[in-house]
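**Q** Below you'll find the structure I mean.
The values are calculated or read from the model by the stated rules, or taken from the named source; none is laboratory data. A quick note: this is a predicted structure, and the numbers were derived from the prediction, not measured. The accessibility values were calculated without ligands, DNA or RNA, using every heavy atom of the protein model including side chains. Shrake-Rupley method; radii C 1.70, N 1.55, O 1.52, S 1.80 Å.
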Amino acid sequence: MKRRNFITKTSINTLAFGLGIHSLAQAGTAKNSAEKLKKKNTTATTPVAICTWQFTEANATAGALLDQGIPALDAVIKGVAVEEENIKNTTVGKGGSPDREGNVTLDACVMDHTGNCGSVMCVENITNVAALAKKVMEDTPHVILAGKGAEEFAVKNGFTAENLLTEESEKAYKEWLKTSKYKPIINIENHDTIGMLGLDKNGNISGACTTSGLAYKMKGRVGDSPVIGSGLFIDNTIGGAAATGMGEEVIKTVGSFLIVELMRNGMSPQEACEEAVRRIVTTNPNHTNFQVAYIAINKQGETGCYCIHPGFKMMKYANGKNTPVVSGSHLK
């Protein structure tokens with residue numbers, strides 16, 4: 001064999017052998033990375049549930065379900081249902097304060113860890129509107145159903161139609177008619193929406209938000225609670241946020257979406273809530289006359305809350321303990 005041919009053939013064989021080793025090394029690295037990612041994704045997360053205001057039983061219900069391994073969305077819907085069914089709560093579900101015409105109308109939305117969401121607005125006669133919003137998300141090609149259409153969809157899907165105006169709410173409404181004065185009171189029950197966020201054992205975040213809206217609102221009024229990005233927003237790679245208070249002001253800044261984006265850019269949940277409140281108070285000189293409050297959670301289970309006026313609390317469930325967290329506020 002000629003020397004040139006021998007060298008060429010040897011070089012080719014050496015190169016092939018080297019490439020083979022490199023390929024095997026790459027395959028081994030890829031396999032190890034895949035195994036690490038799989039291990040990371042299957043590692044159990046410590047569940048956390050948080051909600052706006054001191055809705056103790058509602059948050060404890062969701063937290064206990066998360067501890068049992070129930071997915072976050074199902075857990076938070078069961079959690080907020082406690083207040084939807086609580087007739088003593090005049091701001092959520094059955095027993096909620098009516099609008100100026102004497103009709104109780106409910107709003108709600110849900111969002112899961114995949115980015116799917118559902119919402120209902122101005123719904124009468126249906127108590128569990130967070131569960132109805134989930135039904136819209138799962139069984140229709142739409143994100144939002146409103147008014148009579150949402151109510152008819154609910155009844156067709158097994159929800160019970162019932163009068164939401166309780167004797168106590170009707171009595172309060174008739175008393176209100178004597179003056180018809182409309183001025184929301186800070187930290188009082190005419191805007192105590194329940195927004196709830198859950199982090200489950202699989203590390204997935206979902207949320208629900210449900211309300212009867214402002215007491216004695218104009219007929220047809222919708223606040224931030226059923227508006228994805230305002231009353232609630234989830235990005236499972238980052239975290240989630242929910243709002244309560246004067247919905248019109250939350251909508252103007254798309255508050256919950258803003259908080260998640262601030263967390264995406266490196267802020268903690270607490271820092272993001274504070275910045276979202278700052279956006280409102282720096283642009284609205286009238287902020288001393290209304291309340292807005294936010295809660296947030298990230299993928300690591302870290303949480304935060306902040307508000308304009310003192311008096312807001314968040315419930316936090318973690319490691320079997322359900323604890324009220326007093327929020328910091330812009331105004332002291």
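**Q** In whole Å, what is the distance between the alpha-carbon centres of the range 253-273 and the range 308-326?
**A** 19 Å
**Q** Can you sort 315, 137 by 1.4 Å-probe accessible area, starting with the largest?
**A** Ranking 315, 137 by accessible area, largest first, yields 137, 315.
**Q** Considering only protein heavy atoms and a probe of 1.4 Å, how much of the accessible area of the range 125-248 is carbon and sulfur, as a whole percent?
**A** Details: 2800 of 5310 Å².
Here it works out to 53 percent.
**Q** Additional query: Sort 162, 57, 271 by accessible area with a 1.4 Å probe, largest first.
**A** On the way: 162 60, 57 120, 271 95 Å².
Result of the area sort, largest leading: 57, 271, 162.
**Q** Go through 252/321; 148/252; 156/321; 156/178 and tell me which ones have a Cα-Cα distance over 31 Å in this structure. Numbers along the way, then the final one.
**A** Values: 252/321 35 Å; 148/252 27 Å; 156/321 39 Å; 156/178 39 Å.
Exceeds cut-off: 252/321; 156/321; 156/178.
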